[in-house]
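Worksheet for the structure shown next.
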Amino acid sequence: MRKMIWVMLVLTAIILYGGSLFAATEAEINAGSIQQAKNTASTKPTVAMVMERVNAAVDLINKEGRAAFPKFKGLGSEFIYAGTYIWIHSPTTGKMLMHPMKPVLEGKNVNPLRDKAGKLLFIEMNRVATEKGSGWVDYQWPKPGQKKSSTKVSYVKLAEHNGEKFVVGSGVYDISLADINKALGK
């Protein structure tokens, strides 16, 4: 009888909490994202690699929409690679929708963010993604843990699910626009 009561209590808890008793906490997922970036940082990103990951992310969002967002975070995510990651923001509202390294940005309007030279980087990313479908944007931004700005380039691409548009991007510091043009045969 005790066993039956115990089983009933556990099943009730699972039903009431939607299985969250077994799910990773948000803090664990955030720590996992940071660890995944560290684990993959020894791999040098390439133009092809960045484009391949963004394209795969766009395909996933086109298919699953916001339901895909958890796949972009945490230890073992294929979208945290070569020390970098995929982020997703809205070209319509300017809000950051998913950021595995800085979840504090989620829900915030990133359109007003400027680089050191005054470039409205997310406005430019929105323009490139919505007008061209995809492309590269360069800007000045400090590397993690540094105060001095460095050149960063991000590949952005437009995704859409059920009428909602998304800008999917991934940025790197150690690839120049000249490297990108050369890799793309321009």
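Descriptive notes on the structure:
- Test: residue in the stretch 68-89 that is touching an Asp or Glu at 6+ places or on another chain (Cβ under 6 Å) and either hydrophobic (A, V, I, L, M, F, W, C) or within 20 Å of residue 51 (Cβ to Cβ) (or both): no
- When the stretch 39-76 is limited to residues that are crowded, with 17+ Cβ neighbours inside 10 Å and in contact with a helix residue (DSSP H, G or I) (Cβ under 6 Å, 6 or more places away or on another chain), the one that is nearest to residue 175 (Cα to Cα) turns out to be 47.
- Single residue of the stretch 126-176 satisfying the filter (in a strand (DSSP E or B) and in contact with a Pro (Cβ under 6 Å, 6 or more places away or on another chain)) that is surrounded by the most Cβ atoms within 10 Å (Cβ to Cβ): 167
- Members of the stretch 67-80 that are over 12 Å from the mean Cα position of the chain (by Cα) and in contact (Cβ under 8 Å) with a residue 24 or more places away in the chain: 75, 76
- Where a residue in the stretch 84-98 is without any contact (Cβ under 8 Å) to a residue 40 or more places away in the chain and its partner, wherever it lies, is assigned to a strand (DSSP E or B) and among the aromatic types (Phe, Trp, Tyr), with Cβ under 8 Å and at least six apart: 96/87; 98/87
- Residues that are β-branched (Val, Ile, Thr), under 11 Å from residue 33 (Cα atoms) and out of contact with any helix residue (DSSP H, G or I) (no Cβ under 6 Å at 6 or more places or on another chain), drawn from the stretch 77-101: 84
- Here residue 181 fulfils each of the conditions (1) within 21 Å of the chain's Cα centre (by Cα); (2) farther than 23 Å from residue 64 by Cβ apart from (1).
- From 110, 128, 153, 104, residue being farther than 24 Å from residue 43 by Cβ and either touching a Ser or Thr at 6+ places or on another chain (Cβ under 8 Å) or among the hydroxyl-bearing types (Ser, Thr, Tyr) (or both): 128
- Residues satisfying the stated conditions in the stretch 126-163, i.e. more than 19 Å from residue 49 (Cβ to Cβ) and touching a Gly at 6+ places or on another chain (Cβ under 7 Å): 128, 158, 161, 162
- Evaluated against (1) touching a residue at least 24 places away in the same chain (Cβ under 8 Å); (2) hydrophobic (A, V, I, L, M, F, W, C); (3) touching a helix residue (DSSP H, G or I) at 6+ places or on another chain (Cβ under 8 Å), residue 110 falls short on exactly one condition, (1).
- Residue in the stretch 5-26 that is within 27 Å of residue 152 (Cα to Cα) and either in a helix (DSSP H, G or I) or modelled with pLDDT under 90 (or both) present: no
- Output for the stretch 77-101, where each listed residue is surrounded by fewer than 22 Cβ atoms within 10 Å (Cβ to Cβ), part of a loop (DSSP other than H, G, I, E, B) and touching a Ser or Thr at 6+ places or on another chain (Cβ under 8 Å): 77, 82, 83, 91, 101
The values are calculated or read from the model by the stated rules, or taken from the named source; none is laboratory data. The structure displayed is predicted, hence computed values, not measured ones. A quick note on method: Cβ atoms are made from the backbone with ideal geometry, for glycine too, and the neighbour counts reach across all protein chains shown.
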